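Colleague: One structure, as structure tokens, below. Some questions next.
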Amino acid sequence: MPISVAVPTEQIPEERRVALVPDILKRLTKLGAEVLIEKGAGERAYFLDADYENCQVIDSSEELYKQADVILKVQAPTEAEIALMKEGAIIIGFMSPYDDLSRVAKLRDQEVTSFSMELVPRISRAQYMDALSSQAAIAGYKAVIRAADLANIFFPMLTTAAGTIRPAKVVVVGVGVAGLQAIATAKRLGANVEAYDIRPETKEQVESLGATFIDVDIKANADGGYARELTEDEKQRQQDKLAQHVAAANVVITTAAIPGRASPKIITTAMVENMKCGSVIVDIAAEGGGNCELSQPGETIEHQGVIIEAPLNIPSQIPVNASEMYSKNLFNLLSLMIKDGELEIDWDDEILAKSALTHAGKIKHLGIQSLVEGVSA
């Protein structure tokens with residue numbers, strides 16, 4: 001029998017993405033998979049049931065899960081969804097493993113094999129499966145568009161009969177994928193852009209986009225392309241240097257986030273209070289609490305004339321492209337498990353081994369296992 005790959009409707013009302021788009025469905029069927037999609041699953045991303053050709057449209061999630069060998073999702077499954085899964089089923093999606101350890105335990109107890117897109121290793125061979133990066137690029141772009149909307153000035157320099165208008169000054173904090181996309185977008189809009197990151201190797205990337213690197217002379221490299229936590233002395237040096245640039249900025253975009261950890265507090269209350277009235281901060285690290293001390297995740301506030309927006313689930317605001325990119329990430333990971341039309345997981349494959357969360361009644365990721373079961377990693 002062919003592999004049944006199922007796509008349920010996302011349970012979170014605010015989630016507009018879908019895990020499978022019609023173009024990727026065609027590629028799945030070429031691998032020998034039979035695709036099932038819950039009725040209306042793609043509608044919030046503007047993909048209608050009629051767009052999904054050569055697949056079964058299932059009326060209910062209960063019926064869908066009964067038949068599913070592989071489940072593709074965006075958001076982590078609910079308890080009710082896990083209870084519907086067949087023993088031995090495979091689920092791939094953003095599992096938010098550090099946010100809800102009880103969910104990991106339920107996946108283990110249901111003997112579901114789960115792969116977490118947050119755990120995909122950052123190696124060159126896995127870049128086509130790196131959903132964190134694909135969705136971060138969308139967040140970086142959207143943050144600048146939102147900042148331009150909130151700002152009370154033009155971004156580009158304009159020469160008019162009434163005189164010349166200077167370009168906006170934008171400071172981007174954090175030069176990961178989101179930060180680089182924010183820099184590029186702000187430059188396209190004509191802003192004068194500066195960027196800061198505690199990893200010195202990002203200077204070349206910043207300058208290649210035409211922005212100016214804010215050099216604090218602190219080296220804080222860590223494994224996985226992220227940064228280590230700063231010492232108290234380093235934090236103070238960082239804040240002293242950054243405060244000067246933030247005070248002169250019209251717009252600050254903060255992007256410094258580490259999956260599974262709280263976002264570092266980089267923009268202090270004192271920095272905000274030294275900003276010009278009418279300035280804007282868009283804090284896209286809000287999922288982890290935010291990079292600004294005053295950020296309220298999911299809210300837009302004003303503090304002493306400075307607008308601070310801390311949006312959640314930004315990629316969902318551009319659901320068509322976000323779904324297309326994410327769907328490709330899922331397909332590339334799933335294709336590693338399909339051999340001659342059959343499911344075959346090669347646990348010697350570094351990508352599969354490191355992105356696995358649960359399998360055969362066990363928690364595969366040692367760090368999360370230690371949190372759930374108290375086992376030393």
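The values are calculated or read from the model by the stated rules, or taken from the named source; none is laboratory data. As the structure is a computational prediction, the values presented were derived from the model and not from experiment. For neighbour counting, all protein chains shown are included, and Cβ atoms are generated from backbone atoms with ideal geometry for every residue, glycine included.
Colleague: Hey, among Lys86, Lys106, Lys26, which residue is loosely packed, with under 15 Cβ neighbours inside 10 Å and without any contact (Cβ under 8 Å) to a residue 40 or more places away in the chain?
Modeller: Exactly one of Lys86, Lys106, Lys26 is loosely packed, with under 15 Cβ neighbours inside 10 Å and without any contact (Cβ under 8 Å) to a residue 40 or more places away in the chain, namely Lys26.
Colleague: Show the residue pairs that are 6+ apart or on different chains and have beta-carbon atoms under 6 Å apart, the first residue being within region 1-23 and within 12 Å of Gly40 (Cα to Cα), the second being among the acidic types (Asp, Glu) and buried (at least 18 other Cβ atoms within 10 Å of the Cβ).
Modeller: Qualifying pairs under 6 Å: Pro8/Glu38; Thr9/Glu38.
Yes or no, residue by residue, for (1) over 25 Å from Glu34 (Cβ atoms); (2) assigned by TED's automatic domain parsing to the domain that holds Arg16; (3) of a type in the set (A, V, I, L, M):
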site: Ile284; (1), (2), (3): yes, no, yes
site: Gly290; (1), (2), (3): yes, no, no
site: Leu294; (1), (2), (3): yes, no, yes
site: Glu302; (1), (2), (3): yes, no, no
site: Ile307; (1), (2), (3): yes, no, yes
site: Ser327; (1), (2), (3): no, yes, no
site: Leu333; (1), (2), (3): no, yes, yes
site: Ile338; (1), (2), (3): no, yes, yes
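Colleague: When both residues are 6+ apart or on different chains and their Cβ atoms are under 7 Å apart, which pairs have a first residue that lies in region 118-146 and is in contact (Cβ under 8 Å) with a residue 12 or more places away in the chain, and a second that is of a type in the set (Phe, Trp, Tyr) and assigned to a helix (DSSP H, G or I)?
Modeller: Partner pairs satisfying both residue conditions: Ala131/Tyr326; Ser134/Tyr326; Gln135/Tyr326.
Colleague: Could you check region 50-67 and list, in sequence order, the residues that are out of contact with any Pro (no Cβ under 6 Å at 6 or more places or on another chain) and more than 26 Å from Ala83 (Cα to Cα)?
Modeller: Residues satisfying the conditions are Ala50, Glu53, Asn54.
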